[in-house]
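Working notes, structure below.
The values are calculated or read from the model by the stated rules, or taken from the named source; none is laboratory data. Just so it is clear, the model here is predicted, and its values are computed rather than measured. Cβ sites come from the backbone with ideal geometry, for glycine too, and all protein chains shown count toward neighbours. For the accessible areas, the whole protein counts, side chains as well, though only heavy atoms, and no ligand, DNA or RNA atoms are used. Shrake-Rupley method; radii C 1.70, N 1.55, O 1.52, S 1.80 Å.
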Amino acid sequence: AAAQRARLKHSAAGKGAGGQGVDEPEGEPDIVEDSLRWSFMPSTGIRRANTQEPVLGENDFCKVKCLVMHRPTHEPDRDKAGNFPYSWHMHGRKRLWEVRVQVQFKVKPQNKIFFGLEMVPGPQSSSRMVKRIQGMLLAAIKRTIGKDFYQTAGDDPSTTSGEIEPPSFAMPLWALDQFDVSDLGSEPDLTGDFTSVGIRRTDGLQKYVEGMKAYLDTLSCDKVYTLCFWGVSQFIDVINWEFKGLIPGMKLDANNLCGRPPVFVVAYQLHGTTPGEEEPENAPPRKHYDSHKDYCFKVALWSLAAPPEPSFLRSLLGDCAVDHDGANGGQTPGGGTPRTERSASRLRERRLLQKLLKPMHSVFGGCSATAEAPRRAASASASSSSSQKTMKPWVKASQKILGGCLGGSVPSGTRRN
């Protein structure tokens, strides 16, 4: 087990178990890399998951470091083999992703701090199936993090006057999975091993909640707070932009539950609340309007598998709609098709091809490696010349895909799968 763990320690930090640099697999960037994208709000540029270093952000309220890890769920073979960044930490676990954040306050919080998700306001779905699955998702969240959280479908912009509350669910900070408090300069490396860092909910819920409340009562600008969250990740596949595991064998497009992308991962203090003080039991829920919040961070999150409308994304990110390769607004230097649109198109085409080939491989799979191989190899040279002349065009095309499984020899220059 120790040897397996050492072998899998090929992380985005560029270090293997022996401390040597590790090369990423070869291939096209949109095949090797995942399709997850995110950006701080206000934007400082478009970011990706599994980066070598945390991404820095800052606002009037605090300084932030953020690291997003995600298993390659779009590449099941890589996921199963542990061939991906941070596999030494993520491989073999139920969690599909993990978010690590470090916060240093510039202004001491005076109100209760919440962590959660916000969605783009819009009309609510009337589908009974969607409402049923939403109920199941909320039940799963309650089982995972407890019942003490705020959830709202938000206000419909077409029927609401005044400020609109966004669809969201917000949790107290003790709903996070791991928490640590450090002196400035001694905080843990976000890309490192967190086995012995801080306290965890899995160490015992009551002990964890009591410890968290004690920390939150003494928030300071002289400390660094490390937050980790992965509890509901087994139900939410961000790369493929779908919910899974709520109903065995069933997957659901995230847009059916969340509305149009992106979604926003947020942490904020809510005006009018007091740390450690519970709301009266019979009091109506306090609405979480944007004007009542001081954000520690707000991160827009989306996938190229189901990207936001380019014009809407640019309206959110403004002039900072810049991917890590520096292509402004996702545009190529000479104009033309946005890079994110091309990447999403290639990803969809590749998935479609995989779906088309899957039943073929179940019929013809392993043809080149069966017991017939020696016999075919022996007769290949004798029949090559005549078969090349008589082979039908559709057979040649099929062999390029299936590696010669449809009979005859493989045309010169064709790579076997």
Of the residues in the stretch 32-51 that are farther than 30 Å from ASP290 by Cβ and out of contact with any His (no Cβ under 7 Å at 6 or more places or on another chain), the one that is least open to solvent (accessible area, probe 1.4 Å) is VAL32
Taking the stretch 181-215 and keeping residues over 15 Å from PHE115 (Cβ atoms), in contact (Cβ under 8 Å) with a residue 40 or more places away in the chain and either of a type in the set (D, E, K, R) or part of a helix (DSSP H, G or I) (or both) leaves ASP183, GLU187, ASP193, LEU205
The correct count of residues that are free of Cβ contacts under 8 Å to residues at least 24 places away in the same chain, open to solvent by less than 30 Å² (accessible area, probe 1.4 Å) and among the charged types (D, E, K, R) in the stretch 76-117 is 1
Q) Within the stretch 52-67, is even one residue at pLDDT below 95, surrounded by fewer than 16 Cβ atoms within 10 Å (Cβ to Cβ) and over 23 Å from GLN269 (Cβ atoms)? A) yes
Selection over the stretch 222-250 where residues are open to solvent by 40 Å² or more (accessible area, probe 1.4 Å), part of a loop (DSSP other than H, G, I, E, B) and either touching a residue at least 40 places away in the same chain (Cβ under 8 Å) or more than 29 Å from GLN269 (Cβ to Cβ) (or both) yields a count of 5
Filtering the stretch 70-96 for residues that are on the phi > 0 side of the Ramachandran plot and of a type in the set (Phe, Trp, Tyr) leaves a count of 1
TODO: Would you be able to say whether some residue in the stretch 256-264 is among the aliphatic types (A, V, I, L, M), crowded, with 17+ Cβ neighbours inside 10 Å and either in contact with a Gly (Cβ under 9 Å, 6 or more places away or on another chain) or in a helix (DSSP H, G or I) (or both)?
DONE: yes
Scanning the stretch 150-180 residue by residue, the ones that are under 13 Å from PHE115 (Cβ atoms), of a type outside the set (Ser, Thr, Tyr) and either without any contact (Cβ under 8 Å) to a residue 12 or more places away in the chain or not in a loop (DSSP other than H, G, I, E, B) (or both) total 9
Of the conditions (1) touching a residue at least 60 places away in the same chain (Cβ under 8 Å); (2) within 20 Å of ILE133 (Cα to Cα); (3) within 15 Å of the chain's Cα centre (by Cα), the single one that LEU257 does not satisfy is (3)
Filter the stretch 100-123 for residues that are at pLDDT 95 or above and of a type in the set (A, V, I, L, M); the one that is nearest to PHE229 (Cα to Cα) is VAL101
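Residue-by-condition table, conditions (1) open to solvent by 20 Å² or more (accessible area, probe 1.4 Å); (2) at pLDDT below 90; (3) in contact with a helix residue (DSSP H, G or I) (Cβ under 8 Å, 6 or more places away or on another chain):
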position	(1), (2), (3)
THR159	yes, yes, no
GLY162	yes, yes, no
SER168	no, yes, no
ASP177	no, no, yes
ASP193	yes, no, yes
VAL209	yes, yes, yes
ASP217	yes, yes, no
